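**Student:** The structure is given below, and queries will be raised subsequently.
Just so you know, all these numbers are worked out from the coordinates, no wet-lab data involved. Since the model is a prediction, treat every value here as computed from it, not as a measurement. Please note: Cβ atoms are built from the backbone with ideal geometry, for glycine as well, and neighbour counts cover all protein chains shown.
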């Protein structure tokens, strides 16, 4: 059926289907494709072995005439699918998306097919381990998970207990009590720990100024950031950066 609003003529799709049939090619079945994602969502290490099939164009299809670019496209598509299953398994969404973004960016500048294969295997190994850790940990209730997901997505803004109360539908007092009981920390302590952990990564992985880091993580001032950081780590941000820079150099 002709539709001039489409950028690709339907005949191109039919021609490709005809070409595939003529060359006895068919994509992997939907059921078979789901197998590796099912393993992944269960934290089953068989997902890592199955993930090698992701980059096989003879069963996944050809997305580019250039072999390396085809590897990259297949990697990106399947990484996007994997993140959805991991999130459904209960892993915080911002952690999952950030992890996939880092690997996709690395794949984007990869120089060889072998590098893509190594990245793919490492990514799936890491995802399986994250899901395993989640299953081994004491599971949180849905309201607490909602709070954690919200805080890890909005940690650089002001987060009030009333916001989380509205999000979960629980009264502020009950939510605060539930969160402390399940995590062992108050909501404020959990948020502070997440911000400090993020600050540690920024101090060692970037050359951002202390003020830039403070403001990007939602601290109201550099002095308050230094105070909180030192109380949690025993170091000032400057001392922490220097200590880890010397370790990396050595």
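**Student:** What ranking do 40, 134 get, fewest neighbouring Cβ atoms within 10 angstrom at the top?
**Tutor:** Listing 40, 134 from fewest to most nearby Cβ atoms yields 134, 40.
**Student:** Next up: What does the convex hull of the Cα atoms come to per residue for segment 142-249, in Å³?
**Tutor:** 103
**Student:** What is the fewest-to-most order of 208, 71 by other Cβ atoms lying within 10 Å of their Cβ?
**Tutor:** Fewest-to-most ranking of 208, 71: 208, 71.
**Student:** With an 8 Å Cα cut-off and a minimum separation of 6 or more residues, compute the relative contact order for segment 142-249 in percent.
**Tutor:** In percent, rounded to a whole number, it is 23.
**Student:** Can you tell me the FRET efficiency between residue 44 and residue 66 if r is taken as the Cβ-Cβ distance and R0 is 25 Å, rounded to the nearest 0.05?
**Tutor:** Calculated transfer efficiency: 0.15.
**Student:** Arrange 174, 97 by Cβ neighbour counts within 10 Å, fewest through most, would you?
**Tutor:** Least crowded to most crowded, the residues run 174, 97.
**Student:** Assign one of three labels to segment 98-190, namely rounded, prolate or oblate, based on the Cα gyration tensor with a ≥ b ≥ c the square roots of its eigenvalues; rounded applies when a/c is under 1.5, prolate when it is not and a/b is larger than b/c, and oblate otherwise.
**Tutor:** prolate
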